[in-house]
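These notes concern the structure reproduced below.
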Amino acid sequence: MKEPIQAIITVLALVNPVMCMAIFADCVKDIPRGEKEKIAFKAIAAIGVVLLVAAIAGTTILGAFGISLNAFSCAGGGILVWIGAGMLKSTQQTSNTVSPQSMGSNISLAPLILFAASPGTITGVITIAAAHKKHILPLTAIIGVVATLVILAVALLISTRMTGTLRKVGLVKEMITSYMGVIVIAMGVQFTLTGIRGFFS
């Protein structure tokens, strides 16, 4: 029982549902509430596919391409730094007024998916799967991913009902986004340094 709990905590910390709520709120800020839930489930499905594939076949895929976990961690760190920089940049730009109808078909969930299912997160999932290979399937990693997806789904559904309120306090929202952007950059640097240290050790 100890290993599944550790896996859930690890994957949950890497996915960071609170941060995902903020990124999702920014992605769907101009979308009607009825569409937000559909978009939330699409995001969960995409993230789930990526993380479950990583848990089940991640080590095999990386091995086939000759890629080490340390190199993959460095790549994940770079992407997180890019996402964090984008969050900081978004608070410095004034967005044009766009109607919900024009945004609906062009909504991009790339920032959310790249953050929640980043190479850093995938590296963590693969590491758990590699460390706990007691069965044909890496059950510990799968349990960690599934539990995290359930919590993330609840968080995004809560976010769909909060975005309207958050838009009324633009200054506070910008401050929170800026702060979280710095945290994401720090996470990216940490992943990169960990990968470099592991590579040369």
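Among the numbered conditions (1) among the hydrophobic types (A, V, I, L, M, F, W, C); (2) in contact with a Phe, Trp or Tyr (Cβ under 8 Å, 6 or more places away or on another chain); (3) under 17 Å from residue 39 (Cβ atoms); (4) modelled with pLDDT under 80, the only one that residue 112 does not meet is (4).
The residues on offer are 91, 60, and the sole one that is hydroxyl-bearing (Ser, Thr, Tyr) and at pLDDT 80 or above is 60. Can you confirm whether region 135-157 contains a residue that is touching a Leu at 6+ places or on another chain (Cβ under 9 Å), at pLDDT below 70 and surrounded by 13 or more Cβ atoms within 10 Å (Cβ to Cβ)? No, region 135-157 contains no residue that is touching a Leu at 6+ places or on another chain (Cβ under 9 Å), at pLDDT below 70 and surrounded by 13 or more Cβ atoms within 10 Å (Cβ to Cβ). Within region 29-41, residues that are more than 25 Å from residue 148 (Cβ to Cβ) sit with their Cβ atoms under 6 Å from residues that are not hydrophobic (A, V, I, L, M, F, W, C), at 6+ positions apart or across chains, in these pairs: 30/100; 32/100. The set of residues from region 1-18 being within 21 Å of residue 113 (Cβ to Cβ), part of a helix (DSSP H, G or I) and of a type outside the set (Gly, Ala, Ser) comprises 8, 10, 11, 12, 14, 15, 17, 18. As a summary of the residue check, residue 17 satisfies the conditions (1) modelled with pLDDT of 85 or more; (2) over 10 Å from the mean Cα position of the chain (by Cα); (3) of a type outside the set (A, V, I, L, M, F, W, C) except for the one numbered (2). If you scan region 19-38, which residues turn out to be part of a helix (DSSP H, G or I), more than 17 Å from residue 124 (Cβ to Cβ) and not basic (Lys, Arg)? The answer is 21, 22, 23, 24, 25, 26, 27, 34, 35, 37.
Selection within region 158-178: residues that are modelled with pLDDT of 75 or more and surrounded by fewer than 18 Cβ atoms within 10 Å (Cβ to Cβ). The member of this set that is farthest from residue 77 (Cα to Cα) is 161.
The values are calculated or read from the model by the stated rules, or taken from the named source; none is laboratory data. What you see is a predicted model; the values in this text were computed from it and never measured. Glycine gets a Cβ as well: all are built from the backbone with ideal geometry, and neighbour counts include every protein chain shown.
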